[in-house]
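Okay, so here's the structure we're looking at.
The values are calculated or read from the model by the stated rules, or taken from the named source; none is laboratory data. Since we're looking at a predicted model, the values are computed, not measured. We place every Cβ from the backbone using ideal geometry, glycine too, and count neighbours over all the protein chains shown. Remember, those area values only see protein heavy atoms, side chains included, never the ligands or the DNA or RNA. Shrake-Rupley method; radii C 1.70, N 1.55, O 1.52, S 1.80 Å.
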Amino acid sequence: MSNNYQSLVNKVKKYCSIDGLSRYEEAVVDELKKSVDSKSMNYERDGLGSIIFSQNNKPSTGPIIQIAAHMDEVGFIVQDITDKGQLILSMIGGIWPLTVIGTKAVVYNAKGQKYEGVFGHTSIHILEIEKRNKVPELKDLYVDLGFNSKKEVQDNFIEVGSRVCLSGDFFQMNNDYVVAKAMDNRAGVAVLEEVMQRVQNKKLNNQVYFVGTVQEEVGTRGAKTSIQKIKPNIAIALDTCASHDTHQAIKGIQELGKGAALRIKDMGTLMDPKLIDYLMKIAKECNIPVYKYVAQGGGTDAAELQYGNGGVATITISLPQRYLHSPLGVCHLKDLKAAADLLEQLLLKLDEAEFNKYIKYN
Ligand SMILES: [Zn+2]
């Protein structure tokens, strides 16, 4: 592996190892707080828990930019406990149950203590023939923590609402691929941290706000609240997207190792064409691998960010990922570095004159 990726590798590993289900993002917040130089950067919180960093000495004029990476991850909470002590689940975000069955479940009780168990299933040997070719649904899913009764579960302070997280340890594969659970969107958080560290001590001619948003996976809720506080001119959602470079995936152009992907359109947003052009111009000038794509499903924080303060020039910068919302996601370090380079260059270049010339409606 080339050494210039080491700082990103460390960050991806750090953030993906955190369990931070939607509504429980504080452990990610703590790491972000530790990552910046407090002499250069300060932070505030919004009422839902999103964290908003900005430079202490930021200018009072110049375009206001919000860069948002969601901190939360998909998982489950306990909906019910069976008499035999197994946990019935309610989904947080979208998970195809097939991808977690047979993997390790991590459960947190009301005191924050961690328990390990199995997303259980009926062994094929004793599975009714007609069920073998059927895809399991949420109602079939449960967690087995090795308890023998409901009382035993309750005595361990595991209750309705307790968090159930996916598990998948970080590792690296050949050719600069990185693998871990919660890659969506800790890869984005890692890039956010990288960009903050690169520019925090620089004199910029814009007012940038770096935001870790909460609850994206359940409806882009932290984007909705943070945008109201910041009132930016430009908003950028930094998130992973599905790649099409695997066996039998539907046709599409996003693939790993091709650079940062600029999303043109998804279900919730038509990205700002002037902002797209401006970013493509920077990418070309600085030789950063970047390409455009149209998403064939899903949405990002951009869907809410665009509505801030009477309308905001908005785009999603995507980090292509394999196996989203499953115990092991795969990203490519080249793509993460390209996104960081692009954002860094944007922040170094964008001033009032550039904003007026290239992006603002006149
Ligand atoms: Zn995401």
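Give the stretch 280-308 a look and list any residue that's among the small types (Gly, Ala, Ser) and either within 14 Å of the ligand (Cβ to nearest atom) or over 23 Å from His70 (Cβ atoms) (or both), or say none.
Quick first cut of the stretch 280-308, residues among the small types (Gly, Ala, Ser) only: 283, 295, 297-299, 302-303, 308.
Within the stretch 280-308, Ala283, Ala295, Gly297, Gly298, Gly299, Ala302, Ala303 qualify.
Which of the residues belonging to the stretch 200-236 are open to solvent by 10 Å² or more (accessible area, probe 1.4 Å), under 17 Å from Asp37 (Cα atoms) and touching a helix residue (DSSP H, G or I) at 6+ places or on another chain (Cβ under 8 Å)?
We begin by selecting, within the stretch 200-236, every residue open to solvent by 10 Å² or more (accessible area, probe 1.4 Å); these are 200-203, 205, 207, 209, 215-221, 224-225, 228-231, 233.
Right, trim to under 17 Å from Asp37 (Cα atoms) and you get 200-203, 209.
Those that are open to solvent by 10 Å² or more (accessible area, probe 1.4 Å), under 17 Å from Asp37 (Cα atoms) and touching a helix residue (DSSP H, G or I) at 6+ places or on another chain (Cβ under 8 Å): Lys202, Tyr209.
Looking only at the stretch 181-199, how many residues end up being among the charged types (D, E, K, R), away from the ligand (no atom under 16 Å from the Cβ) and buried (at least 20 other Cβ atoms within 10 Å of the Cβ)? Show your work before the answer.
Taking the stretch 181-199 and keeping what is among the charged types (D, E, K, R), we get 181, 184, 186, 193-194, 198.
If we keep only those that are away from the ligand (no atom under 16 Å from the Cβ) as well, we get 193-194, 198.
With buried (at least 20 other Cβ atoms within 10 Å of the Cβ) added as a condition, the list becomes 193-194.
The total comes to 2.
With of a type outside the set (Asp, Glu) and at pLDDT 95 or above as the only criterion, which of Ile227, Ile124, Ile129 stands out? Walk me through it before giving the result.
Details: Ile124 fails: at pLDDT 95 or above; Ile129 fails: at pLDDT 95 or above.
Unique residue meeting the criteria: Ile227.
Is there any pair linking a residue in the stretch 99-125 that is more than 26 Å from Ala27 (Cα to Cα) and open to solvent by less than 40 Å² (accessible area, probe 1.4 Å) to one that is assigned to a strand (DSSP E or B) and not acidic (Asp, Glu), with Cβ under 8 Å and at least six apart or on different chains, and which?
As it stands, the answer is Gly120/Tyr142; Gly120/Val143, since those pairs meet every condition given.
Does Val74 count as buried (at least 19 other Cβ atoms within 10 Å of the Cβ) and touching a His at 6+ places or on another chain (Cβ under 6 Å)?
On the way: buried (at least 19 other Cβ atoms within 10 Å of the Cβ): yes; touching a His at 6+ places or on another chain (Cβ under 6 Å): yes.
Yes.
Which residue is least open to solvent (accessible area, probe 1.4 Å), if the candidates are limited to the stretch 142-180 and must be of a type in the set (D, E, K, R) and either more than 18 Å from the chain's Cα centre (by Cα) or closer than 21 Å to Ser35 by Cα (or both)? Explain how you work it out, then say what you get.
Step one: of the stretch 142-180, the residues of a type in the set (D, E, K, R) are 144, 150-152, 155, 159, 163, 169, 176.
Narrowing the set further to residues that are either more than 18 Å from the chain's Cα centre (by Cα) or closer than 21 Å to Ser35 by Cα (or both) leaves 144, 150-152, 155, 159, 163, 176.
Numbers: Asp144: 59, Lys150: 69, Lys151: 127, Glu152: 66, Asp155: 87, Glu159: 92, Arg163: 50, Asp176: 34 Å².
By that ranking, first place goes to Asp176.
For the condition within 16 Å of the ligand (Cβ to nearest atom) and charged (D, E, K, R), what is the one hit in Asp245, Asp266? Write out each step before concluding.
Values: Asp245 fails: within 16 Å of the ligand (Cβ to nearest atom).
Only one candidate qualifies: Asp266.
Give me the pairs: first residue in the stretch 199-221 and part of a helix (DSSP H, G or I), second residue at pLDDT 95 or above and within 16 Å of the ligand (Cβ to nearest atom), beta-carbon distance under 7 Å, and six or more apart or on different chains, which are they?
Arg221/Val214; Arg221/Gln215
Say we look at the stretch 222-239 and pick out the residues that are under 21 Å from Leu279 (Cβ atoms) and either in a helix (DSSP H, G or I) or within 12 Å of the ligand (Cβ to nearest atom) (or both); which of these is farthest from the chain's Cα centre (by Cα)?
Ile230
It is to be established whether one or more residues within the stretch 302-312 are on the phi > 0 side of the Ramachandran plot, within 19 Å of the chain's Cα centre (by Cα) and in a loop (DSSP other than H, G, I, E, B). Spell out the reasoning first.
Applying the first criterion (on the phi > 0 side of the Ramachandran plot) to the stretch 302-312 yields 309-311.
Retained after the next criterion (residues that are within 19 Å of the chain's Cα centre (by Cα)): none.
No, the conditions are met nowhere in the stretch 302-312.
Quick one: would you say Gln248 is in contact with a Lys or Arg (Cβ under 6 Å, 6 or more places away or on another chain), over 30 Å from Ser149 (Cβ atoms) and in a loop (DSSP other than H, G, I, E, B)? Break it down into steps so the answer makes sense when it comes.
Values: in contact with a Lys or Arg (Cβ under 6 Å, 6 or more places away or on another chain): no; over 30 Å from Ser149 (Cβ atoms): yes; in a loop (DSSP other than H, G, I, E, B): yes.
No; evaluated as a whole, the condition is false for this residue.
List pairs: first residue in the stretch 19-34 and under 18 Å from Pro327 (Cβ atoms), second residue among the aromatic types (Phe, Trp, Tyr) and open to solvent by 70 Å² or more (accessible area, probe 1.4 Å) anywhere in the structure, Cβ distance under 7 angstrom, at least six positions apart or on different chains.
Once the first residue is under 18 Å from Pro327 (Cβ atoms) and sits in the stretch 19-34, no partner that is among the aromatic types (Phe, Trp, Tyr) and open to solvent by 70 Å² or more (accessible area, probe 1.4 Å) comes close enough.
Which of the residues spanning the stretch 36-67 are open to solvent by less than 10 Å² (accessible area, probe 1.4 Å), outside any loop (DSSP other than H, G, I, E, B) and within 13 Å of Lys229 (Cα to Cα)?
Ile51, Ile52, Phe53, Ser54, Ile65, Gln66
Would you call Leu305 buried (at least 24 other Cβ atoms within 10 Å of the Cβ), at pLDDT 95 or above, over 23 Å from Val178 (Cα atoms) and touching a helix residue (DSSP H, G or I) at 6+ places or on another chain (Cβ under 7 Å)? Step through it out loud before you land on a result.
On the way: buried (at least 24 other Cβ atoms within 10 Å of the Cβ): yes; at pLDDT 95 or above: yes; over 23 Å from Val178 (Cα atoms): yes; touching a helix residue (DSSP H, G or I) at 6+ places or on another chain (Cβ under 7 Å): yes.
Yes.
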